[in-house]
Amino acid sequence: MNENGKINYLEMPARDLEATKLFFAAAFGWSFIDYGPEYVAIVDAGLDGGFYQSDQAATTDNGSVLVVLYSNDLAAALNSVKSAGGTIVKDIFTFPGGKRFHFSDPNGNEYAVWSE
């Protein structure tokens, strides 16, 4: 349900939309809806969102928001990201509240996965 004033949708850049879809489908089981040649929406990934065609990359080094996913098995998630072709940017580390790792997708966008 849409709620007034609540975060509703995220959009991330992608140099290669097809590689993006293949990566996130393999790593996390996401599915997508294509909306023309320059936009793809994410289906059933927790929060609605999409990827738009862009030569830019979202990383914490350039001041981007960090999209953080949850996993109940952090080691399995890390292996899934690697198997799907992601790059581990920061290996599993402890932070207040749990553990997490950071990775980049085929476009160079940075994400994190955390667990208790």
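The values are calculated or read from the model by the stated rules, or taken from the named source; none is laboratory data. Remember, it's a predicted structure, so these values are computed and weren't measured experimentally. Here the Cβ positions follow ideal geometry from the backbone for every residue, glycine too, while neighbour counts run over all protein chains shown.
Quick one: is SER83 within 25 Å of ASN2 (Cα to Cα), of a type in the set (Gly, Ala, Ser) and free of Cβ contacts under 8 Å to residues at least 60 places away in the same chain? So SER83 does not fit the description; no.
Looking across GLY5, GLY49, GLY97, one residue alone is at pLDDT 95 or above and either touching a Ser or Thr at 6+ places or on another chain (Cβ under 6 Å) or among the small types (Gly, Ala, Ser) (or both). It is GLY49.
Within the range 90-107, the only residue that satisfies the criterion of being surrounded by fewer than 16 Cβ atoms within 10 Å (Cβ to Cβ) and in contact (Cβ under 8 Å) with a residue 24 or more places away in the chain is LYS99. Counting only residues that are without any contact (Cβ under 8 Å) to a residue 12 or more places away in the chain and out of contact with any strand residue (DSSP E or B) (no Cβ under 6 Å at 6 or more places or on another chain), the range 26-60 holds 2 of them.
Among the strands (runs of 3 or more DSSP E) confined to the range 3-91, the ones with at least 1 residues that are within 15 Å of the chain's Cα centre (by Cα) and acidic (Asp, Glu) are located at 10-14. Out of LEU10, LEU17, LEU47, one residue alone is of a type in the set (A, V, I, L, M, F, W, C) and under 20 Å from GLY85 (Cα atoms). It is LEU17. Of ALA57, ALA25, all but one fail to be among the hydrophobic types (A, V, I, L, M, F, W, C), surrounded by 14 or more Cβ atoms within 10 Å (Cβ to Cβ) and out of contact with any Leu (no Cβ under 8 Å at 6 or more places or on another chain); the exception is ALA57. In the range 30-52, is there at least one residue being closer than 19 Å to TYR9 by Cα, of a type in the set (S, T, N, Q) and exposed (fewer than 15 other Cβ atoms within 10 Å of the Cβ)? Checking the range 30-52: at least one residue is closer than 19 Å to TYR9 by Cα, of a type in the set (S, T, N, Q) and exposed (fewer than 15 other Cβ atoms within 10 Å of the Cβ).
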